[in-house]
Amino acid sequence: MTDMIDQFGQRIRAAGRAAPLSIRGGGSKDFYGGPPVGEVLDTRGHSGIVSYEPTELVITARGGTPLAEVEAALAAQGQFLPFEPPSFNGAATMGGVVAAGLSGPRRAAAGATRDFVLGVKLMDGEARILSFGGQVMKNVAGYDVSRLIAGSLGTLGVILEVSLKVLPRPVAEATLRFEMPQAKALESVSRWAGKPLAVSAICWCDNVLTVRLSGARAAVDSGREALGGEAVADAAGFWADLREQRMDFFAGDEPLWRLSVPTVAAPLRQPGRQLVEWGGAQRWLRSGAAAALIREAAIAGGGHATLFRGGSKEVGVFQPLPPPLMNLHRRVKAAFDPRGILNPGRLYPDF
């Protein structure tokens, strides 16, 4: 694998502002963020699980390792990635998982991608190899840079290795379905959050609320008795379709917006279909409405909006940042990629 690292270094040193590099693994998230620009630097040749200690609940893999390979290794030991990262086209790599920072249905109960990143090794825009964090939870001295890489969309460096915390799969799970409008669903989910219920995921769409319970058998059985509802037969298929956005809601070319708001935020008064996840904190919206109106609605609800897929990216993919915060982003970018050659424009147009 040293040869691949040397090749990455040669490509980075030879690149310039006029010929930037587009860092890419399986391409499963090419649609996310600004459009890829520059010559592709394919990370898939730098692949393989470096170490896996089931008893320590940690796995380390190279950036180009397929997500499917890591999940298979964990499944063989009865473990999994609790943040349930999506693959979309099945070609996702571990570097892409961390760089995109996307989490699945269990995020509200288990945590986000960055919460499970213990350490990273990356090559920055000057071809320097940098290591941050380690393989244990209490390893932070100074800035927690390893978690900063999560969601950076390759703008700070090529992820060479990543160490992630893993967890045992729940002993038992059950999925229940309820028919109710969005306002009642949000109120119910908020009320249930204050009770000792083993809720690990929720999904509301088209006046149907679907709830997953996970944990010890006694906890799941107790939750089923307390909540009632109708049992879902193919529960695993339902949550997999939600995670991979294979549900009918996600089909079509209409712009897909992701709004992040507090769980207690009222239902969005926006035209278009909606799907709610993460206890109410993630609101998906299919709408051709003006970006400014959608972002105003998100701000009014106490959050922000991202143009996740489709539509014109000229309006900006991510919520515009206030000047002080944007200046901080620029300083971080300059520290890791002073020449601005790594995935330019994927986060914000000017860096």
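Once region 265-286 is narrowed to residues that are within 22 Å of the chain's Cα centre (by Cα) and part of a loop (DSSP other than H, G, I, E, B), the residue that is farthest from ARG309 (Cα to Cα) is ALA265. Of all residues in region 290-310, those being crowded, with 16+ Cβ neighbours inside 10 Å and either of a type in the set (Val, Ile, Thr) or touching a residue at least 40 places away in the same chain (Cβ under 8 Å) (or both) number 9.
Restricting attention to region 195-228, and to residues there that are hydrophobic (A, V, I, L, M, F, W, C) and over 24 Å from the mean Cα position of the chain (by Cα), which single residue is nearest to ALA109 (Cα to Cα)? Step by step, filter region 195-228, then rank; the result is LEU197.
SER312 meets each of the listed conditions (1) farther than 29 Å from GLU126 by Cβ; (2) modelled with pLDDT of 95 or more; (3) out of contact with any Ser or Thr (no Cβ under 8 Å at 6 or more places or on another chain) apart from (2).
Within region 99-109, track down each residue that is in contact with a strand residue (DSSP E or B) (Cβ under 7 Å, 6 or more places away or on another chain), buried (at least 20 other Cβ atoms within 10 Å of the Cβ) and of a type in the set (Gly, Ala, Ser). First the steps, then the outcome.
Here is the first cut: in region 99-109, the ones in contact with a strand residue (DSSP E or B) (Cβ under 7 Å, 6 or more places away or on another chain) are 99, 105-106, 109.
Next cut, buried (at least 20 other Cβ atoms within 10 Å of the Cβ) only: 99, 105-106.
Scanning region 99-109 gives a single hit, ALA99.
The residue that is most open to solvent (accessible area, probe 1.4 Å), among those in region 229-254 that are more than 17 Å from ASP206 (Cβ to Cβ) and more than 19 Å from the chain's Cα centre (by Cα), is ASP253. Checked across region 113-124, the condition of being open to solvent by less than 70 Å² (accessible area, probe 1.4 Å), at pLDDT 95 or above and assigned to a loop (DSSP other than H, G, I, E, B) holds for at least one residue. Before we move on, is ARG269 surrounded by fewer than 19 Cβ atoms within 10 Å (Cβ to Cβ), in contact (Cβ under 8 Å) with a residue 24 or more places away in the chain and either farther than 18 Å from ALA100 by Cβ or not aliphatic (A, V, I, L, M) (or both)? Here the answer is yes, as ARG269 does meet what is asked.
If you go through region 311-351 and keep only what is open to solvent by less than 30 Å² (accessible area, probe 1.4 Å) and on the phi > 0 side of the Ramachandran plot, you end up with GLY316, GLY340, ASN343, GLY345.
In region 272-289, what residues are out of contact with any helix residue (DSSP H, G or I) (no Cβ under 8 Å at 6 or more places or on another chain) and either hydroxyl-bearing (Ser, Thr, Tyr) or free of Cβ contacts under 8 Å to residues at least 24 places away in the same chain (or both)? Answer for region 272-289, where residues must be out of contact with any helix residue (DSSP H, G or I) (no Cβ under 8 Å at 6 or more places or on another chain) and either hydroxyl-bearing (Ser, Thr, Tyr) or free of Cβ contacts under 8 Å to residues at least 24 places away in the same chain (or both): GLY272, ALA289.
The values are calculated or read from the model by the stated rules, or taken from the named source; none is laboratory data. None of these values were measured; they are calculated from a predicted model. Every residue, glycine as well, gets a Cβ built from its backbone with ideal geometry; the counts of neighbours run over all protein chains shown. For the accessible areas, the whole protein counts, side chains as well, though only heavy atoms, and no ligand, DNA or RNA atoms are used. Shrake-Rupley method; radii C 1.70, N 1.55, O 1.52, S 1.80 Å.
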